[in-house]
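Engineer: First the structure, then my questions, so here it is.
The values are calculated or read from the model by the stated rules, or taken from the named source; none is laboratory data. Only a predicted model underlies this, so the values are computations on that prediction, with no experimental measurement involved. Note that we place each Cβ from the backbone using ideal geometry, even for glycine, and neighbour counts take in every protein chain shown. Just the protein is used for accessible areas: all its heavy atoms, side chains included, with ligands, DNA and RNA removed. Shrake-Rupley method; radii C 1.70, N 1.55, O 1.52, S 1.80 Å.
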Amino acid sequence: MTRKARAPRAEKTVPLSSPPTPVPATAAPEGPALARLEVRNLATIRELELDFAGGLSVFTGETGAGKSIIVDALGLLLGSRANTDLIRTGESDLLVTGFWTHAGDERSASRRLAAQGRGVARLDGEVVSVRELQEWAQTRLTIHWQHSAVSLLGPANQRALLDRGLPDRMAAYTHAYREWHDARARLERLRTGERERARQLDLLTFQAREIAEVAPQPGEEEPLQAELNRLANLETIAQSAAGALTLISDGEENALGFLGEAVRALNASARYDDASAALQQELRAALDSLQAVSGELRAVAEDGAADPEELARVEGRLGALGRLRTKYGPTLDDVLQFQAGVEQELSALNRDEQDAGTLDADVAALMDEVRRAGAALDAARTERAGPLAADLLAVIRELGMPHARLEFQLSPLAEPATYGLSDVTIGFTANPGEDLAPLSDVASGGELSRVMLAISTVLGADTPAVVFDEVDAGIGGGAALAVAEQLWRLARSRQVMVVTHLAQIAARADHHFKVEKAVEGGRTVSRVRPLSPDERLEEIARMLGGNTSEAALGHARELLVGGADD
């Protein structure tokens, strides 16, 4: 899909009753930024076009206004499961299109979902699979859903946080583990499958010999079949040639006789007329060609009986090829492919047998290498764990958990795993005097959200654009101000979008959008629009106190001015 040039919208601005809130400078996202989102027939949205910029963008609105519809739209571009319930009632399909820009280059991604359940994904207008769309979008956009912080409960995700800064150590261990694992698998196959290997060797040897004795060649069946057809119909071929020969030369009146008379008829005129002489010459050439054809036809007409040995040879060859196709086909190419596979398996089995004597020592040596690489990985993890935990704690404590403690804990495994010699878990407590316990056992939903936010801030988002869908649930007071500060900091290097109900976060935004519902023609319609400075003040006041009283407006001004001072 090609994005059409559009004139920028003119935003209505009304002077505030207090000095306008300056918008903090933002750094450009380190990668492609989401510049525009177009949505059609998604839930209560009939048609929506939104332009985005860098920094922190917030989406607010009354409860039930449908603030998370924007997140649902972006989720479809990230390959989330298609649900026809998302299609606006009465419509045949929905369409979501996103436009990303970077260094003057623009790319687009879209996803259409039909009411019948079929959908189409596109990249730059070209049809792709949903998986391809997902892989493309995941390098540009991350969504932290309202309950996605629970991903922190998985040991693999906790370990990945620590390993993110250790790619070389992890790669070295992975390589050593794979070499050891493959060698051990071969050794176990040799030890436990002697009888099976012998049976397999016999079968493969028989199959290889059976195919080799026939020695099929690519494409040989068609010419053999044509030759068989010729040999089986030699009598018909000879009769046809004899009939043609009668007309050309052997009949009382024949073509050769008529041509000879035509040549003689031109003798007189050829002496005086060059054109007649030329025509006579062409007739003589035709006479010569016809005489040659007559000789070849005579040979065909006289060969009316097939050579029994040749017929048997062709039939036998086709029969042998047919038997191979029946067993290893269905086509001759399949037989040849099967032959190559058999030879490869035979080679592997023979190699295993030859290597059996030394494989024990190889496995032991490779295990030593796994333990060396694993010990180096654990040492690097331990070295990184302390500073990373300290950095995370500094942010977590700012987010309203002043007594929190957090550690990365390594627990040795009974035997090497694909990811190392140890499990990695996060030990956590938010309360003074309490022992550390697994994060999955002790953290509440609100605490998990704040830990997730700390991780996004400290480690940085993996993509240039990050979306938070009400991860501020259960947060208020001073913690809300701290969360707003962390989101604002993250937005200095990333494009950050937040669906929020907290005025403290909305006040720190570089761009403020409001989601509203209205009834038109008896149908509910959701709209999203950027707010002017006065509208923004009123919206923050509403978020603070549910109204736009002078007290609420004054508090909103304080938040806006306080955010602008950073």
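Engineer: Can you tell me which of (1) outside any helix (DSSP H, G or I); (2) modelled with pLDDT under 95 is the one ILE396 doesn't meet?
Structural biologist: Condition not satisfied by ILE396: (1).
Engineer: Could you say which residue among LEU459, LEU531, LEU502, LEU490 is more than 32 Å from the chain's Cα centre (by Cα) and under 22 Å from LEU399 (Cβ atoms)? Break it down into steps so the answer makes sense when it comes.
Structural biologist: Details: LEU459 fails: more than 32 Å from the chain's Cα centre (by Cα); LEU531 fails: under 22 Å from LEU399 (Cβ atoms); LEU490 fails: more than 32 Å from the chain's Cα centre (by Cα).
Exactly one of LEU459, LEU531, LEU502, LEU490 is more than 32 Å from the chain's Cα centre (by Cα) and under 22 Å from LEU399 (Cβ atoms), namely LEU502.
Engineer: With the structure loaded, tell me whether LYS12 is among the basic types (Lys, Arg) and modelled with pLDDT under 65 or whether it fails that test.
Structural biologist: yes
Engineer: Restrict the check to region 496-511 and report whether at least one residue is in a strand (DSSP E or B), open to solvent by 10 Å² or more (accessible area, probe 1.4 Å) and either more than 13 Å from THR60 (Cβ to Cβ) or of a type outside the set (Phe, Trp, Tyr) (or both).
Structural biologist: Yes, some residue in region 496-511 is in a strand (DSSP E or B), open to solvent by 10 Å² or more (accessible area, probe 1.4 Å) and either more than 13 Å from THR60 (Cβ to Cβ) or of a type outside the set (Phe, Trp, Tyr) (or both).
Engineer: Going through LEU201, LEU234 one at a time, which residue ends up being in contact with a Gly (Cβ under 8 Å, 6 or more places away or on another chain), in contact (Cβ under 8 Å) with a residue 40 or more places away in the chain and surrounded by 13 or more Cβ atoms within 10 Å (Cβ to Cβ)?
Structural biologist: LEU234
Engineer: Here is a follow-up. Is it true that some residue in region 305-318 is within 51 Å of the chain's Cα centre (by Cα), of a type in the set (Gly, Ala, Ser) and modelled with pLDDT of 80 or more?
Structural biologist: For region 305-318, residues within 51 Å of the chain's Cα centre (by Cα), of a type in the set (Gly, Ala, Ser) and modelled with pLDDT of 80 or more: present.
Engineer: Based on what the data block shows, is VAL71 in contact with a strand residue (DSSP E or B) (Cβ under 6 Å, 6 or more places away or on another chain), outside any loop (DSSP other than H, G, I, E, B) and open to solvent by less than 20 Å² (accessible area, probe 1.4 Å)?
Structural biologist: yes
Engineer: Kindly provide the set of residues from region 175-216 that are in contact with a strand residue (DSSP E or B) (Cβ under 9 Å, 6 or more places away or on another chain) and of a type in the set (S, T, N, Q), ordered by number.
Structural biologist: Within region 175-216, no residue meets the criteria.
Engineer: Just to be sure, is VAL471 of a type outside the set (Gly, Ala, Ser), at pLDDT below 90 and part of a helix (DSSP H, G or I)?
Structural biologist: Numbers: of a type outside the set (Gly, Ala, Ser): yes; at pLDDT below 90: yes; part of a helix (DSSP H, G or I): no.
Answer is no for this residue.
Engineer: Right, next: Taking region 412-462, which residues are in a loop (DSSP other than H, G, I, E, B), in contact with a helix residue (DSSP H, G or I) (Cβ under 7 Å, 6 or more places away or on another chain) and surrounded by fewer than 18 Cβ atoms within 10 Å (Cβ to Cβ)?
Structural biologist: Once the filter is applied, which keeps residues that are in a loop (DSSP other than H, G, I, E, B), in contact with a helix residue (DSSP H, G or I) (Cβ under 7 Å, 6 or more places away or on another chain) and surrounded by fewer than 18 Cβ atoms within 10 Å (Cβ to Cβ), region 412-462 yields only THR418.
Engineer: Oh, and also: Quick test of your reading of the structure: ARG323 fulfils all but one of (1) open to solvent by 70 Å² or more (accessible area, probe 1.4 Å); (2) at pLDDT below 90. Name the failing condition by number.
Structural biologist: Failed condition: (2).
Engineer: VAL528 fails exactly one of the following numbered conditions: (1) closer than 24 Å to GLY446 by Cβ; (2) touching a residue at least 24 places away in the same chain (Cβ under 8 Å); (3) touching a helix residue (DSSP H, G or I) at 6+ places or on another chain (Cβ under 7 Å). What is the number of that condition?
Structural biologist: Of the numbered conditions (1) closer than 24 Å to GLY446 by Cβ; (2) touching a residue at least 24 places away in the same chain (Cβ under 8 Å); (3) touching a helix residue (DSSP H, G or I) at 6+ places or on another chain (Cβ under 7 Å), the odd one out for VAL528 is (1).
Engineer: Then there is this: In region 151-160, is there at least one residue being in contact (Cβ under 8 Å) with a residue 24 or more places away in the chain, under 19 Å from LEU37 (Cα atoms) and in contact with a helix residue (DSSP H, G or I) (Cβ under 7 Å, 6 or more places away or on another chain)?
Structural biologist: No - not one qualifying residue is present in region 151-160.
Engineer: Still on this structure: Just one of GLU282, GLU296, GLU302, GLU261 is assigned by the TED database to the domain that holds GLN239, closer than 20 Å to ALA241 by Cβ, without any contact (Cβ under 8 Å) to a residue 40 or more places away in the chain and open to solvent by 80 Å² or more (accessible area, probe 1.4 Å); which is it?
Structural biologist: Every option except GLU296 fails the conditions.
Engineer: Does ALA226 satisfy the criteria of being loosely packed, with under 15 Cβ neighbours inside 10 Å, small (Gly, Ala, Ser) and outside the structural domain of LEU324 (by the TED database)? Break it down stepwise before answering.
Structural biologist: Numbers: loosely packed, with under 15 Cβ neighbours inside 10 Å: yes; small (Gly, Ala, Ser): yes; outside the structural domain of LEU324 (by the TED database): no.
Considered against the rule, which asks whether it is loosely packed, with under 15 Cβ neighbours inside 10 Å, small (Gly, Ala, Ser) and outside the structural domain of LEU324 (by the TED database), ALA226 comes out as no.
Engineer: Further question on the same structure: Just for region 538-552: of the residues that are part of a helix (DSSP H, G or I) and over 23 Å from GLU485 (Cβ atoms), which one is least open to solvent (accessible area, probe 1.4 Å)?
Structural biologist: Among residues in region 538-552 that are part of a helix (DSSP H, G or I) and over 23 Å from GLU485 (Cβ atoms), the one least open to solvent (accessible area, probe 1.4 Å) is ALA551.
Engineer: Go through region 360-406 and count every residue that is charged (D, E, K, R), closer than 30 Å to THR457 by Cβ, in contact (Cβ under 8 Å) with a residue 24 or more places away in the chain and surrounded by fewer than 18 Cβ atoms within 10 Å (Cβ to Cβ).
Structural biologist: 1
Engineer: Ok, one more. Hey, among LEU318, LEU228, LEU256, LEU224, which residue is touching a helix residue (DSSP H, G or I) at 6+ places or on another chain (Cβ under 6 Å) and more than 30 Å from LEU332 (Cβ to Cβ)?
Structural biologist: Numbers: LEU318 fails: more than 30 Å from LEU332 (Cβ to Cβ); LEU228 fails: more than 30 Å from LEU332 (Cβ to Cβ); LEU224 fails: more than 30 Å from LEU332 (Cβ to Cβ).
Just a single option satisfies the conditions, and that option is LEU256.
Engineer: Residue under question is LEU544, and the condition is that it be touching a helix residue (DSSP H, G or I) at 6+ places or on another chain (Cβ under 6 Å), more than 30 Å from GLY90 (Cα to Cα), touching a residue at least 24 places away in the same chain (Cβ under 8 Å) and assigned by the TED database to the domain that holds THR44; does it hold?
Structural biologist: It is false that LEU544 is touching a helix residue (DSSP H, G or I) at 6+ places or on another chain (Cβ under 6 Å), more than 30 Å from GLY90 (Cα to Cα), touching a residue at least 24 places away in the same chain (Cβ under 8 Å) and assigned by the TED database to the domain that holds THR44.
Engineer: What single numbered condition from (1) more than 30 Å from PRO216 (Cβ to Cβ); (2) touching a residue at least 60 places away in the same chain (Cβ under 8 Å) fails to hold for THR246?
Structural biologist: Answer for THR246: the failing condition is (2).
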